[in-house]
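What follows is one structure encoded as structure tokens, with my remarks underneath.
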There are 2 protein chains.
Amino acid sequence: MSDPFELPQIEPDSLERADAARNRERILCAARRLFTERGAGCVSMDEIAEAAGVGKGTLFRRFGSRASLAAAVLSERERGFQEDIIRGEPPLGPGAPADERLIAFGEALLDTLELHSELLLAAETGPVRYTHPAYRVHRLHVMLLLQEADPGCDAEMLAEALLAALGAELFIHQRRAREIPLERMKQGWRELVRRTVPRAEPEPV
Amino acid sequence: MSDPFELPQIEPDSLERADAARNRERILCAARRLFTERGAGCVSMDEIAEAAGVGKGTLFRRFGSRASLAAAVLSERERGFQEDIIRGEPPLGPGAPADERLIAFGEALLDTLELHSELLLAAETGPVRYTHPAYRVHRLHVMLLLQEADPGCDAEMLAEALLAALGAELFIHQRRAREIPLERMKQGWRELVRRTVPRAEPEPV
DNA sequence: CAGAGAATCGGACCATGGTCCGTTTAGTAG
DNA sequence: CTACTAAACGGACCATGGTCCGATTCTCTG
């Protein structure tokens, strides 16, 4: 387990220069607007820079890559999601059995995908994906639930396998090209989880 | 089931002009050589075109995209793999129980990934991935095995979920960044399959 | 062999993600 | 207010995947 829990560093460095902070905000606003207006796949970085009234260099120094920018745009939603997972109501939050929590987790992710698949796809391209705090939090969450349900299993491997089934690229293919209804995708997830996670028997006799 | 079984169209159109055939061969040779020499991630399409003594336009007209070229380079190996699956020895080929065949399938794929992950990654980028004959054959194969093992399940959804765990990007991350040994990855796959596919009981009493 | 016509060729061209570095500016010290 | 420095800016620049279209070459027919 070489994976220390790290809360995602969503807040910017507080000792940031005023113009830098202003520009970050401008960029995020422009990106959010353009992404929702025209779909994340149809907006170039140049356009975002121009819409934000900022040079391209600034855009990339702030956010590093297209994927990171997309992730930043999603970060507010993601923060809420993590909040719900850690402290929210069951079955998403603590208090429900692990398998139910896993099912709720996947269904929530699928709902997000239904609304923002393109943006998530943009955020998942490139090697950033697996090192991004959001992914690591999801992995850790699934891992802990798996471990809770079945302490003997290789939770790390299983967690990443399950998460792979919730990737944006696969989602888009299934949902758009194969036209699989969202409800069936959720059923598929439930089936996958039920098979993977043995329902914890209340008390072994 | 909107998915008719199609054998992959690996052979080129036989009524292809002589120069076209010669150039296709040149391109494939050059690509194969450069990919193995320097790693698929470090070779640009321009370099391949130049090494093949061919214009860039020709390269792209023949193969359409970088991903397709990578897939074409892999096609010989893939053909052998399909042969082994359809007509080879058990447990990969027919004759073994479905769960064992599934395990063998994944382990073989993991072995290929171990040797050619970069090339497979190149072949898996872009929307081509899910429509490529190789992917469709893999999906169909996994689907049929799942159906054989458990006729009541949603084999289509489960098949794609399982295949997602064998994606090249995830493999590279686990194997290189997280330094998970190949053997553990195979164990993970076995565990995933065992949980997903109930061992068919010989005779229900 | 010659001519016609279609298929192919190839490199100039485009779009876009990402980098570099000379210039500008915010913050600070005197 | 001025001077100074480190940080930030921004647009020219680069690499690369992919497209286009006039020039070329193959093949078939007479």
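Summary of computed values
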{"item": "Qualifying residue in the range B:110-128 (condition: in a helix (DSSP H, G or I) and under 22 Å from A:Q187 (Cβ atoms))", "result": "no"}
{"item": "Candidates B:L166, B:L182, B:L145 - the one that is closer than 23 Å to A:R129 by Cα, of a type outside the set (K, R), in contact with a Lys or Arg (Cβ under 8 Å, 6 or more places away or on another chain) and in contact (Cβ under 8 Å) with a residue 12 or more places away in the chain", "result": "B:L182"}
{"item": "Flag if B:A67 is within 14 Å of chain A (Cβ to nearest Cβ) and away from DNA strand C (no atom under 16 Å from the Cβ)", "result": "yes"}
{"item": "Residue selected from the range B:12-38 under the condition in contact (Cβ under 8 Å) with a residue 40 or more places away in the chain and closer than 19 Å to B:E76 by Cβ, by the criterion nearest to DNA strand C (Cβ to nearest atom)", "result": "B:I27"}
{"item": "Pick from the range B:109-128, criterion within 12 Å of DNA strand D (Cβ to nearest atom) and not hydrophobic (A, V, I, L, M, F, W, C), ranking: modelled with the lowest pLDDT", "result": "B:P127"}
{"item": "Which numbered condition A:R194 misses (of (1) farther than 23 Å from B:G126 by Cα; (2) crowded, with 19+ Cβ neighbours inside 10 Å; (3) touching a residue at least 40 places away in the same chain (Cβ under 8 Å))", "result": "(2)"}
{"item": "Positions within the range A:163-188 being within 8 Å of another protein chain (Cβ to nearest Cβ) and part of a helix (DSSP H, G or I), in sequence order", "result": "A:A164, A:E169, A:L170, A:H173, A:Q174, A:A177, A:R184, A:M185, A:Q187, A:G188"}
{"item": "Criterion violated by A:T125 - all others in (1) more than 13 Å from the chain's Cα centre (by Cα); (2) surrounded by fewer than 18 Cβ atoms within 10 Å (Cβ to Cβ); (3) more than 8 Å from chain B (Cβ to nearest Cβ) satisfied", "result": "(1)"}
{"item": "In the range A:70-102, residue farthest from DNA strand C (Cβ to nearest atom) [restricted to those that are in contact with a Gly (Cβ under 8 Å, 6 or more places away or on another chain) and aliphatic (A, V, I, L, M)]", "result": "A:I86"}
{"item": "Residues within the range B:45-64 that are more than 8 Å from DNA strand C (Cβ to nearest atom) and within 22 Å of the chain's Cα centre (by Cα), tallied", "result": "3"}
{"item": "Selected residue [at pLDDT below 95, within 12 Å of another protein chain (Cβ to nearest Cβ) and in a loop (DSSP other than H, G, I, E, B)] from A:P204, A:P198", "result": "A:P198"}
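The values are calculated or read from the model by the stated rules, or taken from the named source; none is laboratory data. Every value quoted in this text rests on a predicted model; they were computed, and no experiment measured them. Using ideal geometry, Cβ is built from the backbone for each residue, glycine included, and neighbour counts are taken over all protein chains shown.
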